[in-house]
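Below is one structure; the comments refer to it alone.
Bear in mind these aren't lab numbers, they're just calculated from the coordinates by the rules spelled out. Quick caveat, the model's predicted, so the values are computed rather than measured. Glycine also receives a Cβ, built like all others from the backbone with ideal geometry; neighbour counts cover every protein chain displayed.
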Amino acid sequence: MASSITDSYWIDPGKARVKRGPDGKLYVTCAEVEGRYHFRLYQNGWFCSSGAGGPCETFDVNMEQHALLWEARETGRIWTFGLHKMPAGGLDALRSMVEAEPVVEASDRFSAFWKGRGVIWFEELVGTNRLHLWAAKDTYERIKTLLNDTE
C-alpha cells in the first residue's frame, strides 16, 4: 500500500518540528523521517541530514551527496567505510591511483566530494579535517597503504 502525507507518523501531516539544538541554535526538522535520522534546516540557512556529508549550504547539495552514496550501493559490490586523517603527503597520490574527479554538485564550503574508480570520499573543509571514504573492497585493498593513518 502506497504511503501518502496523511499517513505521516513521525511529524504531523503538513507540519514541521522546531527544536533548539545542543548548541542553542534553532533548527527545523523538515521531512518525514524517524527521529534518530534527520533533515534539519538551521536558523543560519545551513542544511544537515544524517547519513551523508554533514552540514551543507543547501538541500540540493545534500541530495547530491546522498545520490552518490546510493549510486555506490546499487553497484552490487561490497563497500567499506572508514574515517581517516588526511594523508601527510596530501591526496594527489590517492586521486591519481583511482582517477578521481571532483563532484562539484555535491561539494560546498563544508566538504569536497570526490569520485574515482571504486571509491567515493569527502574531505571535511570545516572542522576535524578528516577524510570520509567509501571504497569497494577490491579498491580498498589497492589504496589502503595510502591510508595508513586510519583513525
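Using modelled backbone amide H atoms (1.01 Å from N, in-plane), which distant-in-sequence or interchain residues come within less than 5 Å of Thr58's amide H?
Amide H neighbours of Thr58: Phe47.
At q = 0.13, 0.16, 0.20 Å⁻¹, what log₁₀ I(q)/I(0) does a Debye calculation on the Cα points of the stretch 57-151 give, no solvent, two decimals?
Calculated log10 I(q)/I(0) at the listed q: -0.40, -0.62, -0.99.
At a 10 Å Cβ-Cβ cut-off, how would you order Ser96, Ser111, fewest neighbours first?
Fewest-to-most Cβ neighbours within 10 Å comes out as Ser96, Ser111.
Amide H neighbours of Arg130 under 5 Å, counting only residues 5+ apart in sequence or on other chains, H built in-plane at 1.01 Å?
Glu124
Over 25 Å between C-alpha atoms is what I'm after, so list which of Lys85/Lys115; Lys19/Lys85; Lys85/Lys137 land there. Don't skip to the answer; put the middle values down first.
On the way: Lys85/Lys115 18 Å; Lys19/Lys85 33 Å; Lys85/Lys137 20 Å.
The pairs that break the limit, which is 25 Å between Cα atoms, are Lys19/Lys85.
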